[in-house]
Amino acid sequence: MAETAAAQKNAQITRTAHSQGEEPASARPLVELDHVEKWYGELHVLRDINLKVSKGEVVVVLGPSGSGKSTMCRTINRLERIDSGVILIDGHPLPQEGRELTRLRQKVGMVFQSYNLFAHRTILDNVTLAPRKVLHRPKAEAEKEARELLSRVGVEAQAAKYPAQLSGGQQQRVAIARALAMHPDVLLFDEPTSALDPEMVGEVLNVMTDLAREGMTMICVTHEMGFARQVADRIVFMADGQILETGTPEQFFEHPQTDRAKDFLSKILNH
């Protein structure tokens, strides 16, 4: 409980600093993208991306389809290579390959649109596999923590089942527990609710909201406007491979600065 209270306090300090337009006193950014460029052949998908994310901050990335949101998210743990620029995690450049990259991915968890669970393994095995194989945790220790994490996301009763026996919302919550089992410094969410039936969206967003309140650093690509308004410390709006504006949820939703953002909001909010 003391750790949670401390995390909440640190997160609140961070959020207060950002709401006042200040950098938190302590630290360098936990995640930093500096003049990042990415091409797919002749298609320029990321154009001079500059972004800093502090420890405990929740950044929600919004924008139309094809704007580069997911690509940017995937570059942060090097699922996508960049063509120029620098990405830093806790002050260290993103490794190119090998063991250093593996170690980095332990720090940067990711939750995808599709749940990517192993169909032939139980839910408990899905959550314990990486801690046992990568972190070399003893089986009993890994299983104990996995059960705690499954309880935390509300699916502890499903531990012995297989993914196909769970709803989409339950599978996505298992995917979040699996990411948390690696004790990441930052969690990336790439459209985590887009593949879910509408009635299952809320249960996943509730887990994400709880993580934010506990101080988890999060970068979330989503179309869930209610979540963005209520949970984000900062909105990043992208279109055509560029970050066009950033601001607090109140600033972005009530006073968008660019015509592109105004057009996006008029279509989304009036839908």
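The values are calculated or read from the model by the stated rules, or taken from the named source; none is laboratory data. Predicted model, so just to flag it, every value in this text is computed and none were measured. All Cβ positions, glycine included, derive from the backbone under ideal geometry; neighbour counts span all protein chains shown. Note: areas computed on protein heavy atoms with side chains; ligands, DNA, RNA excluded. Shrake-Rupley method; radii C 1.70, N 1.55, O 1.52, S 1.80 Å.
Here residue 200 clears all of (1) farther than 19 Å from residue 114 by Cα; (2) open to solvent by 20 Å² or more (accessible area, probe 1.4 Å) except the condition numbered (1).
Report, by residue number, each residue of segment 110-149 that is open to solvent by less than 20 Å² (accessible area, probe 1.4 Å) and either on the phi > 0 side of the Ramachandran plot or among the small types (Gly, Ala, Ser) (or both). Within segment 110-149, 142, 146 qualify. Here 209, 193, 246 are screened, and the one residue that is over 30 Å from residue 152 (Cα atoms) and either polar (S, T, N, Q) or part of a loop (DSSP other than H, G, I, E, B) (or both) is 246. Kindly indicate the residue of segment 81-109 that is assigned to a loop (DSSP other than H, G, I, E, B) and open to solvent by less than 40 Å² (accessible area, probe 1.4 Å) and also modelled with the highest pLDDT among those meeting that condition. By that ranking, first place goes to 91. Checking each residue in segment 69-80 for being in contact (Cβ under 8 Å) with a residue 40 or more places away in the chain, open to solvent by 30 Å² or more (accessible area, probe 1.4 Å) and in a loop (DSSP other than H, G, I, E, B) picks out only 80. Determine if segment 185-196 includes at least one residue that is open to solvent by less than 50 Å² (accessible area, probe 1.4 Å) and over 26 Å from residue 51 (Cα atoms). Yes, the conditions are met somewhere in segment 185-196.
Looking only at segment 216-226, filter to residues that are open to solvent by 20 Å² or more (accessible area, probe 1.4 Å) and within 14 Å of the chain's Cα centre (by Cα); which one of those is nearest to residue 55 (Cα to Cα)? Out of the qualifying residues, it is 216. On the stretch given as segment 52-68, residues that are touching a helix residue (DSSP H, G or I) at 6+ places or on another chain (Cβ under 9 Å), under 16 Å from residue 221 (Cα atoms) and open to solvent by 10 Å² or more (accessible area, probe 1.4 Å) total 1. Quick check: is even one residue across segment 152-163 touching an Asp or Glu at 6+ places or on another chain (Cβ under 6 Å) and among the hydrophobic types (A, V, I, L, M, F, W, C)? Within segment 152-163, none of the residues are touching an Asp or Glu at 6+ places or on another chain (Cβ under 6 Å) and among the hydrophobic types (A, V, I, L, M, F, W, C). Within segment 132-142, not a single residue is touching a residue at least 40 places away in the same chain (Cβ under 8 Å) and assigned to a helix (DSSP H, G or I). Residues in segment 11-55 that are over 20 Å from the mean Cα position of the chain (by Cα) and part of a helix (DSSP H, G or I) were compared, and the one that is modelled with the highest pLDDT is 19. Cβ-Cβ distances below 9 Å connect the following pairs, each with a first residue in segment 150-178 that is on the phi > 0 side of the Ramachandran plot and open to solvent by 10 Å² or more (accessible area, probe 1.4 Å), a second residue that is in a helix (DSSP H, G or I) and not hydroxyl-bearing (Ser, Thr, Tyr), and a separation of six or more residues or different chains: 154/170; 154/173; 154/203; 154/206; 154/207. With respect to the conditions (1) surrounded by 15 or more Cβ atoms within 10 Å (Cβ to Cβ); (2) in contact with a His (Cβ under 9 Å, 6 or more places away or on another chain), residue 264 lacks only one, and its number is (2).
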